[in-house]
1. Name every residue in segment 134-168 that is in contact (Cβ under 8 Å) with a residue 40 or more places away in the chain and part of a helix (DSSP H, G or I), in order of residue number.
2. Could you count how many residues in segment 105-145 are out of contact with any helix residue (DSSP H, G or I) (no Cβ under 7 Å at 6 or more places or on another chain) and buried (at least 18 other Cβ atoms within 10 Å of the Cβ)?
3. So Lys257 fits all but one of (1) farther than 12 Å from Ser211 by Cα; (2) touching a strand residue (DSSP E or B) at 6+ places or on another chain (Cβ under 7 Å); what number is the exception?
4. Taking the residues in segment 52-91 that are touching a residue at least 60 places away in the same chain (Cβ under 8 Å) and small (Gly, Ala, Ser) as candidates, determine which candidate is surrounded by the most Cβ atoms within 10 Å (Cβ to Cβ).
5. Only one of these is open to solvent by less than 80 Å² (accessible area, probe 1.4 Å), in contact with a helix residue (DSSP H, G or I) (Cβ under 6 Å, 6 or more places away or on another chain) and of a type in the set (Val, Ile, Thr): Val249, Val276, Val245, Val262. Name it.
6. Can you name every residue in segment 198-236 that is modelled with pLDDT under 80 and either surrounded by fewer than 14 Cβ atoms within 10 Å (Cβ to Cβ) or in contact with a Pro (Cβ under 9 Å, 6 or more places away or on another chain) (or both)?
7. Exactly one of these conditions fails for Pro110: (1) of a type outside the set (A, V, I, L, M, F, W, C); (2) assigned to a helix (DSSP H, G or I); (3) over 21 Å from the mean Cα position of the chain (by Cα). Give me its number.
8. Going by the structure shown, is Val117 free of Cβ contacts under 8 Å to residues at least 24 places away in the same chain, part of a helix (DSSP H, G or I) and farther than 28 Å from Ile15 by Cα?
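The values are calculated or read from the model by the stated rules, or taken from the named source; none is laboratory data. Because the structure is a prediction, the values reported are computed rather than measured. Here the Cβ positions follow ideal geometry from the backbone for every residue, glycine too, while neighbour counts run over all protein chains shown. In case anyone asks, the SASA skips ligands and DNA or RNA and just uses the protein heavy atoms, side chains included. Shrake-Rupley method; radii C 1.70, N 1.55, O 1.52, S 1.80 Å.
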Amino acid sequence: MANNKVHKKLPKLEILKRFVFITIGSILMGVALEKFLVPYEIIDGGIAGISIMLSTLTPVPLSIYLFVLNLPFLVLGYKQLGKTFAISTLYGIIVMSLTTAALHHTGAFPEDKLLAVLFGGIILGAGVGLVIRYGGSLDGIEIVSILVSKKLRTAVGQVIMVFNLIIFIISGFVFEWTSAMYSILTYYIAIKVIDIVVEGLDESKSVTIISKEYDEISQAIIDRLGRGTTLIQARGGYSGDETEVIYCVVSRLELAKLKGIVQSIDENAFIAIEHVSDVMGGNFSKKSIH
């Protein structure tokens, strides 16, 4: 039987928001490359790093390499990751390439190389993070890494790290080894900033609680912490006893108070805590507490 389910289109306001933030992110990356990194022979990882090295060795501008080298991976992204992702990525790469072309002859902004590394990494990470958060990508290596990770059943981050390690080693021969080390430092800063932009500063934690006092603990969390809870039916694998498992999501700052609430009711309660990258939907807003 054919699947006739029609996918809903994104609201116009959401499309506009994506367009605005992908534009900002792409411009930020272009600024970071041309004003902070390239003048000091510092590279980014991925296709951007390869493009910087090739533009140094040939008369072809960086903007051309950024666009042309990313195109084959964009085709892969269209086939494997969808139309919306491909369009967002193509738009971001075009804006980034145009930004680098416009800034190509303007020279470095900070005169200090260490400042260029620090602020270049921050601006680069903020730009890439915004584009990723709103459904695109600015580097083909990320797309390849997603596909390779599926084939090899390994983490995407590990695949990206291997690719970039090779690129940074090559950059040591193209430029000099101090530039390669500065590049690694810039990349590290950028990765940390990407995490902050994509996941946010206010980290959430999911908490699973197993206790015989599940009713009292659940109500205490609602009353004293202002957070909703979900009770999930479960059965002990060893004892075979029927019970209820409490699941809730709290902010990082509320975690200590949650532990105190649970342990004050049942000091032997089992508590499992996991990091949550993002929280959407449902009713995550706090209720009044007392």
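1. Step one: filter segment 134-168 for residues in contact (Cβ under 8 Å) with a residue 40 or more places away in the chain, giving 134-144, 146-147, 160, 163-164, 167-168.
Once the filter is applied, which keeps residues that are in contact (Cβ under 8 Å) with a residue 40 or more places away in the chain and part of a helix (DSSP H, G or I), segment 134-168 yields Gly140, Ile141, Glu142, Ile143, Val144, Ile146, Leu147, Ile160, Phe163, Asn164, Ile167, Phe168.
2. The qualifying residues number 0.
3. Among (1) farther than 12 Å from Ser211 by Cα; (2) touching a strand residue (DSSP E or B) at 6+ places or on another chain (Cβ under 7 Å), Lys257 violates only (2).
4. The extreme case among them is Gly77.
5. The match here is Val262.
6. The answer is Gly200, Leu201, Asp202.
7. Here Pro110 clears every test but (2).
8. Spelling it out, it is not the case that Val117 is free of Cβ contacts under 8 Å to residues at least 24 places away in the same chain, part of a helix (DSSP H, G or I) and farther than 28 Å from Ile15 by Cα.
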